[in-house]
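Read the structure below first, then the notes.
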């Protein structure tokens, strides 16, 4: 499901046990990322599949990238792998107005 920042952020805060997943490259992640986010680089297909295979399918995942395109693709893959609760940040970190580490 695609959500604008306010909806995405509010839902993430309200969802107990949820995780934030950054699907950008390690270089992009190091340049700045959302607090408490986990990096799973979608541009490394095998590492990405290995990373998502270890995720708990019963949890909720809030996914973002630079602009929202890679995270939309990541959410589709997560759903194919049986993770129902996956939320894409529309506009990505480019449009993020909150805290960045």
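Every number in this text was worked out from the coordinates using simple rules, so none of it is lab data. Please read all numbers here as calculations on a predicted model, not as lab measurements. Cβ coordinates were reconstructed from backbone atoms using ideal geometry, including for glycine residues, and neighbour counts include every protein chain displayed.
Structure summary
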| read-out | value |
| --- | --- |
| Pick from the stretch 44-55, criterion over 14 Å from the mean Cα position of the chain (by Cα) and part of a loop (DSSP other than H, G, I, E, B), ranking: nearest to residue 13 (Cα to Cα) | 54 |
| All positions within the stretch 56-83 that are touching a residue at least 12 places away in the same chain (Cβ under 8 Å), assigned to a loop (DSSP other than H, G, I, E, B) and at negative phi | 57, 59, 60, 65, 66, 67, 81, 83 |
| Residues being surrounded by 15 or more Cβ atoms within 10 Å (Cβ to Cβ), touching a residue at least 40 places away in the same chain (Cβ under 8 Å), in a loop (DSSP other than H, G, I, E, B) and under 14 Å from the mean Cα position of the chain (by Cα) - total across the stretch 11-43 | 5 |
| Matching residues in the stretch 1-10 - criterion: being farther than 16 Å from residue 101 by Cβ and either in contact (Cβ under 8 Å) with a residue 60 or more places away in the chain or in contact with a helix residue (DSSP H, G or I) (Cβ under 6 Å, 6 or more places away or on another chain) (or both) | 1, 2, 3, 4, 5, 8 |
